[in-house]
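A short worksheet on the structure shown next.
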Amino acid sequence: MVDEPLRVLVIGSGAREHALVRSLAADPGVGEVWCAPGNPGTASEPGAAGNRRVEVGDGAAVTALAQDVGADLVVIGPEGPLVAGVADAVRAGGIACFGPSAAAARLEGSKAFAKEVMAAAGVPTASARVASTADEVAVALDAFDVPGVPFVVKEDGLAAGKGVVVTTDRALARAHGVACVEGGSTVVVEEYLDGPEVSLFVLSDGTHAVALEPAQDFKRVGDGGTGPNTGGMGAYSPLPWAPPGMVAEIVTRVAQPVLDEMAARGTPFVGVLYCGLALTAAGVRVVEFNARFGDPETQVVLARLQTPLGGLLHAAATGRLGDHAPLAWSAGAAVTVVVAAHGYPGTVRTGDEVSGLEGVAGAGATALHAGTARDGEGRLVSAGGRVLSVVGGGASLAAARDAAYAGVGALVMEGSRHRSDIAAAAASPRG
Ligand code: AMP
Ligand code: GLY
């Protein structure tokens, strides 16, 4: 435990960062929490210190800001700064940082690297081929051409959840692969994994693994899992259908071996290893790793975490996770529904007025901000693809879902879109 109240700087500007700021501000062990660059939600979060400007990918600038606000801990939300080495710069500046080094963040930054680490660590994942020319794409597609089974083609780099095409249409799969290689990226073509998906966040101090409760994300833009992939349209936790022992099995078979492998390579992973998994008939398989908290899963996982967040992240950032007390969770459920701008995930329209936030609170839900901004007159307007993440809590998934959708119903934003089936199957009696 730390005696002095912690001073924390959160880097990022999405609903994930708003959720982090909210939980940190509620931690009695945290004295002050800033967000940079933040958004209108983090600026007005009760108990938080407000927003500061920063170029998130500039390690020297982030370090200087952390020094300026007297931060004991920097929490880096998005993958871009992590892959760019911002955590390395912060640590070199003598400040504890929750977030992996550039070398460790390659687990997210390169799907081919992640596959190599998994192979070395004996971690189960989809078999895959890497292609860097149109001919190699065709050969790789041949290797996975099974009638009725979708092709999976991934751009090998950061693509905000939009670089992956899963389709039974070979021509479409090929076109995506060729577009990627012609754009200078390599491509990973892999085996299709059939089964429900789970997002599990595993905190690490480089050695120890502490799993949070699992969540499920809804990646496709449309109801019923239709339309293109997005950054995530909603999430819920807990997973009533998850087999007993699932989390322990994922830690033992996936997270700990990867953490051990990264440490053995001299690039220990400090931060949160986001394990994206499919529960297939053949067992658990890794779909992807991310080197940061997921968005929108963080919004529901943190809504249920009762352990103070600041002390937990600080323990991870300072090599003390092995001594941390077991985590405490609310027995209830949380559901979040993302309200996106007109056009998302394609070209989005910005500048639409967003109103009705009092109604969200009145419905017992919380509106976490993502792509919002204040216009010249101080009105709240849309400023990005995913605009708000409305979080509902309750004793059951059904109650949490009702609260979240009541909140969404209170919002007014021209042309907005959201899915209407978030957590529907899991909340139903047969869920
Ligand atoms: P990724 O960026 O790797 O997370 O992929 C985005 C989404 O595409 C995943 O959440 C899955 O829904 C889907 N996906 C990725 N890889 C596979 C796979 N091998 N089999 C089936 N679906 C996949
Ligand atoms: N929700 C998916 C992600 O954060 O990558």
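Descriptive notes on the structure:
- Partners of LYS115 within straight-line reach, counting aspartates and glutamates whose Cα lies under 13 Å from its Cα and excluding those fewer than 8 residues away in the same chain: ASP156, GLU190, GLU191, GLU261, GLU288.
- Solvent-accessible surface of the chain, taken per residue with a 1.4 Å probe and all protein chains present: 38 Å².
- Here the dipole of segment 250-333 is about 60 debye; that uses its Cα centre as origin and unit charges on the Cβ of Lys and Arg (positive) and Asp and Glu (negative).
- Selection from GLY407, GLY384, GLY394, by position along the positive dipole direction of segment 373-431 (Cβ): GLY394
- Leading residue at positive end of dipole, segment 228-383 (Cβ point charges), from LEU239, ALA333, ALA316: ALA316
- Gap separating the Cα centres of segment 371-387 and segment 309-342, nearest whole Å: 28 Å
- Prolate/oblate/rounded label for segment 1-66 (Cα gyration tensor, a/c 1.5): oblate
- Positive-end residue of GLY356, ALA424, ALA370, charge dipole of segment 334-431 with Cβ unit charges: ALA424
- In the chain, helices alone account for a calculated mean residue ellipticity at 222 nm of -8500 deg cm²/dmol, with every DSSP H run of four or more residues adding -39,500 (n - 2.57).
- Accessible surface of the chain, 1.4 Å probe, proportion on carbon and sulfur as whole %: 52 percent
- Relative contact order (%) - the chain, alpha-carbon pairs under 8 angstrom, separation at least six: 16 percent
- Assigned charges on the beta-carbon of Lys, Arg, Asp, Glu; segment 1-125 dipole about Cα centre (debye): 360 debye
- Cα-centred dipole magnitude for the chain, charges only on beta-carbon of K, R (+1) and D, E (-1), debye, nearest 20: 360 debye
- Distance between segment 245-297 and segment 403-431 - C-alpha centres, whole angstrom: 29 Å
- Pairwise Cα inverse-distance average, inverted: Kirkwood Rh of segment 270-421 (Å): 17.3 Å
- Distribution of pairwise C-alpha distances over segment 153-222, 5 Å bins, in %: 3, 13, 17, 19, 17, 15, 9, 6, 2
- Whole-angstrom gap from segment 106-129 to segment 1-47, using each part's C-alpha centre: 33 Å
- Loop-resident trypsin sites (Lys or Arg not before Pro) (DSSP state other than H, G, I, E or B) in segment 395-431 with no more than 15 further Cβ atoms inside 10 Å of their Cβ: ARG430.
- Rounded to two decimals, the Cα-based Rg/Rh of segment 44-113, with Kirkwood Rh, is 1.01.
- Shape category assigned to the chain from the gyration tensor of Cα positions, a/c cut at 1.5: rounded
The values are calculated or read from the model by the stated rules, or taken from the named source; none is laboratory data. All of these numbers come straight from a predicted model, not from anything done at the bench. No Cβ is skipped: glycine too gets one built from the backbone with ideal geometry, and neighbour counts run over all protein chains shown. We work out accessible area using only protein heavy atoms, side chains counted, and drop any ligands, DNA or RNA first. Shrake-Rupley method; radii C 1.70, N 1.55, O 1.52, S 1.80 Å.
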